[in-house]
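The values are calculated or read from the model by the stated rules, or taken from the named source; none is laboratory data. Note that the structure is predicted; figures quoted are calculated from it, not measured. Cβ coordinates were reconstructed from backbone atoms using ideal geometry, including for glycine residues, and neighbour counts include every protein chain displayed. For the accessible areas, the whole protein counts, side chains as well, though only heavy atoms, and no ligand, DNA or RNA atoms are used. Shrake-Rupley method; radii C 1.70, N 1.55, O 1.52, S 1.80 Å.
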Amino acid sequence: MGLALASLPDWPAAMNRDAALAYTGVAEAQLRAWERANKVAFRARGPNGQKLVLRSALDAALADLFTADVSEDLNFGDD
């Protein structure tokens with residue numbers, strides 16, 4: 001059985017780290033790599049100074065992940 005669309009959450013325009021990880025499905029290390037590369041930026045704008053990132057930035061980083069040269073992923077340091 002497929003996942004029913006009605007059961008999927010309505011993602012906010014900005015989200016905290018836990019929600020960003022759930023939204024993208026990437027590992028924490030990937031999210032940190034995006035931050036180091038300035039692809040996504042968390043800002044203290046949420047309740048009680050909670051850091052948030054724009055969903056649009058996550059979408060762009062994901063799109064880049066899937067359109068990037070896959071040979072980078074296959075380099076295991078053999079050269």
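Neighbours of Arg32 by Cβ distance under 15 Å: Lys/Arg scored +1, Asp/Glu scored -1, total +1. When all protein chains stay in place and ligands, DNA and RNA are ignored, the 1.4 Å accessible-area order of Leu65, Leu58, largest first, is Leu65, Leu58.
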